[in-house]
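Below you'll find the structure, written out as structure tokens, and then a few comments.
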């Protein structure tokens with residue numbers, strides 16, 4: 001049973017709830033005050049009953065409202081985040097603690113208000129929030145911070161720590177979307193032409209990215225068993241990711257809909273077949289040093305290629321040929337824009353990109369879709385020849 005101490009006309013009840021991540025003992029406390037007219041015997045009986053009830057509530061998990069955000073968040077990491085989140089998401093959440101804990105970690109869960117969280121979120125969009133650049137944090141990073149806090153509170157609601165999630169009333173700062181930078185058709189043609197003089201590994205990698213819109217992790221997770229040369233199709237079944245703790249590792253596709261199959265032109269498949277022959281020759285040269293992983297993109301000894309390798313290779317390639325460098329993800333945007341501009345419907349575009357919902361595609365590429373819709377009306381006007389003020393001849 002908890003410790004009971006009389007303080008004036010009330011009683012303090014304290015219960016030990018173990019230790020936090022830093023080895024410090026966690027103590028939950030409550031105050032009970034007898035009703036007027038209670039006898040000494042009644043008070044003694046009731047305060048002991050209150051102590052037993054309070055200890056049982058604490059032992060059930062988190063019924064005490066006095067638990068602080070940092071303490072509960074660490075328990076959320078162990079009980080929910082670690083077994084349920086993808087490794088990349090889990091490690092990102094861990095990194096966010098350095099900014100969130102100093103702001104609200106010391107505060108009791110039941111005392112944190114929407115206004116306090118709103119003030120924290122607003123501070124992230126001010127100059128100097130990014131200590132490295134001195135600029136505001138990126139909108140995506142701000143969303144990640146709020147999502148972390150909200151996820152902890154959602155779990156707290158389920159566990160009975162708080163009655164509601166204050167993050168539901170918080171508004172993210174207005175996100176001024178910068179138009180996504182993608183290569184023009186002329187730049188793409190020059191890029192592909194220059195690529196012909198580069199190693200076959202990188203020729204296939206970037207041709208596949210342009211023709212598929214695959215994410216970097218999906219590209220690096222491709223295995224030869226995913227390539228159907230007979231039917232010219234390639235399937236996404238896994239990803240190759242990296243975290244500081246785990247290094248390079250294989251994971252499932254990002255979402256269920258990320259597992260998809262696309263058909264490719266014959267020239268791309270012929271390039272892949274040539275690359276497969278080249279890789280087989282490399283394996284023979286390495287002999288016992290070759291590690292069989294079945295991956296398309298590997299190091300010299302067959303181990304999976306590191307996630308940063310194609311990014312840095314592309315940066316050097318663009319610098320060498322005076323091409324703008326937009327990063328690997330720009331090829332995914334390029335793929336989407338090509339489909340939209342060719343009049344492919346949004347559902348098909350969403351499926352090809354592996355988005356979990358069509359709304360995700362619409363939100364990301366709303367500007368491209370608006371431009372495509374504008375072209376539709378222009379095409380109709382041109383077809384019906386409504387560009388001038390022609391009138392039907394009299395007597396017709």
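Since every read-out is calculated from the coordinates, none of them should be taken as a lab result. In this text, all values refer to a predicted model and were calculated from it rather than measured experimentally. Because the Cβ atoms are built from the backbone with ideal geometry, glycine has one as well, and the counts that use them run over all protein chains shown.
Results, tabulated for the structure shown:
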| read-out | value |
| --- | --- |
| Distance from the range 195-220 to the range 119-177 (C-alpha centre basis), Å | 36 Å |
| Degrees separating the helix 329-341 axis from the principal Cα axis of the chain, which is the longest one | 60 degrees |
| Helix 266-286 axis, angle to the chain major axis (alpha carbon atoms, nearest 10°) | 70 degrees |
| Base-10 log of normalised Debye intensity for the range 69-169 (one unit scatterer per alpha-carbon) at q = 0.13, 0.19, 0.20 Å⁻¹ | -0.44, -0.95, -1.04 |
| 0 to 90° range, to nearest 10: angle between helix 309-320 axis and the chain longest Cα axis | 50 degrees |
| The range 185-375: Cα Rg divided by the 2.2 N^0.38 Å rule of thumb | 1.06 |
| Fewest-first sequence of 222, 137, 303 by Cβ atoms within 10 Å of each Cβ | 303, 137, 222 |
| Extended-chain gain in nm, criterion 0.36 nm per residue less alpha-carbon gap, residue 82 and residue 133 | 15.2 nm |
| Sequence-separation-based contact order of the range 185-375, relative, with Cα cut under 8 Å and 6+ spacing, percent | 23 percent |
| For 290, 224, 300, order by how many other beta-carbon atoms lie within 10 Å, fewest first | 300, 224, 290 |
| Neighbour-count ranking [beta-carbon atoms within 10 angstrom, fewest first] of 233, 268, 149 | 233, 268, 149 |
| Gaussian network model of the chain, springs between alpha carbon atoms under 10 Å - residue of 241, 84, 145 with greatest fluctuation | 84 |
| Relative contact order (percent, whole number), the chain, Cα cutoff 8 Å, 6+ residue spacing | 10 percent |
| Value of [θ]222 nm, deg cm²/dmol, for the chain, DSSP H segments ≥ 4, -39500 (n - 2.57) each, nearest 500 | -15000 deg cm²/dmol |
| FRET efficiency, 1/(1 + (r/R0)^6) with R0 35 Å, evaluated for residue 110 and residue 318 via beta carbons | 0.10 |
| Cα centroid separation, the range 221-249 to the range 81-106 (Å) | 28 Å |
| GNM flexibility winner over the chain from 305, 159, 219 (Cα, springs under 10 Å) | 159 |
| Most fluctuating residue given options 226, 110, 197, as computed from a GNM of the chain linking Cα atoms under 10 Å | 197 |
| Packing-based order for 91-102, 278-289, using average beta carbon neighbours within 10 Å, highest first | 91-102, 278-289 |
